[in-house]
1. Can you tell me the mean projection area, over all orientations, of the convex hull of the range 1-92's alpha carbons? Units nm², please.
2. Just to be sure I follow the definition: excluding the sites themselves, where is the longest run in the chain that has none of the GluC sites (Glu not before Pro) in a DSSP loop with at most 16 other Cβ atoms within 10 Å?
3. With charges set only on the Cβ (+1 for Lys and Arg, -1 for Asp and Glu), what does the dipole of the chain come to about its Cα centre, in debye to the nearest 20?
4. Expressed as an acute angle from 0 to 90° and rounded to the nearest 10, what is the orientation of the C-alpha long axis of helix 91-101 relative to the principal long axis of the chain?
5. Counting only helical runs of four or more DSSP H residues, what would the 222 nm mean residue ellipticity of the chain come to if each run contributes -39,500 (n - 2.57) and the total is spread over all its residues?
6. In whole Å, how far is the Cα centre of the range 134-170 from that of the range 78-131?
7. Cα-based Rg of the chain per 2.2 N^0.38 Å, rounded to two decimals?
8. Distance in nm between label sites at residue 196 and residue 181, each 7 Å beyond Cα in the beta-carbon direction?
Amino acid sequence: MPVRNAGRFLDAAIVSIRAQSLSDLELILLDDGSTDGSDQVLRGHAAADPRLVVISLPHGGVATALNQGLAAARAQLVARMDADDEAKPERLERQVTALQAQPETAVLGTGIETMDADGHLIGSAVPGGDPAEIREGLLHGNCLHHPTVMMRRDVVLAAGGYRPAFTASEDYDLWLRLSEHHDLSNMPDLLLRYRCHGGQATGQRWFLQRLEALAAQHSARVRRTGRADPMQGQTRIDARTLRAIGVPRTAILAALDGQPATAPPLPRDRMPILLRAALHRWNLV
C-alpha cells in the first residue's frame, strides 16, 4: 500500500486489510514522503499488529514506492491496495484460492463497488475476465482496476517491475508488458470498495494519464512487431517524448481531447482554456 498524504481515509484502508479472513499476510506500508501525519497513523497500526511493515521513503512517486514494496515483499503473491479504498474481508482469500487454481495467470483483478467520500455506495463495475480479450483490449484501454490486483511477484520482477517514467499510468504500462507473455484475468466478484473523492487525480495529472497511456499503447504495438521497446531508457513522458518515439501529433491531440486516435483533433477555438494552455506548454499547438 503506497501512502502519500492519505488523510482521513487511511485508517479505514488499513483496518480493511488487518481484518481479512486470510490472516497469514504481510502488509507493507510505503510512506511516500507524507507531510500530513499519515506516517503517525501507519506507525500506530504497525505497533498494534506485527504483520505490518512501514517503509519511509523520500517522495519519489507511486511507481518508485511500489518497486520498493515488491523488493521488500516476502510472499510470492503480492496484492495491491490503495490508501483510500477498502477491501472486502474475503478479498485476499478468494484471490489466493483462484490463483492457486490458475497457475498460468500472472495478475488477477476483481470487480469493484464505488463509494463516495463518506462511504455511501454509488455503483459497481465488473471487468471482463477472459485473458485473450484482456490482451487485445489492453491496446485500447486499461482492463484491470489497479488496487484490486493480486500478482505473482517473480513474474512482475522478471518484467522489470513498474517503470518510474510512468507516473500516472504505471499500472497500464505494466499490464501491457506482462500480457505479452502471461495471462491476466479478472474475477467478477466485487471484492474492493473504490472511493471516489475530490482528492483524486485531476488537472495536470489527467493530462499525464492521457499522454502516458498513449506512450504505453504505442510501445506495446511496437514490441508486438518484434522491434525494441521505444520507451526503454526513457526517464519522463511528455509530448516531446511521444513525438521522439514516433507517436503522430494528431494522435497526441486526439488523446488529450478524449477522442479515438483516428478522430480529427478538436479545433483550437473550441478547446477549453486549460487544455489550450497545456497544449501550448507542450508545444503541440
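We did not get these values from a lab; they are worked out from the coordinates using the rules stated. Predicted model only: the values in this text are computed from it and were never measured. Counting neighbours? That spans all protein chains shown, and the Cβs are built from the backbone with ideal geometry, glycine included.
1. Working: hull surface 21.0 nm².
In nm², the orientation-averaged hull projection of the range 1-92 is 5.2.
2. Numbers: sites that count: 26, 90, 104, 180.
My reading of the result: 181-285 is the longest stretch.
3. Working: 31 positive and 33 negative charges, 242 e Å.
Roughly 1160 debye, rounded to the nearest 20.
4. Orientation of helix 91-101: about 80 degrees from the principal axis.
5. Details: 11 runs with 108 residues, N = 285.
The helix contribution divided over the chain gives -11000 deg cm²/dmol.
6. 15
7. Working: Rg = 19.2 Å, N = 285, 2.2 N^0.38 = 18.8 Å.
In units of the globular-protein estimate, the chain measures up at 1.02.
8. The answer from the label model is 3.8 nm.
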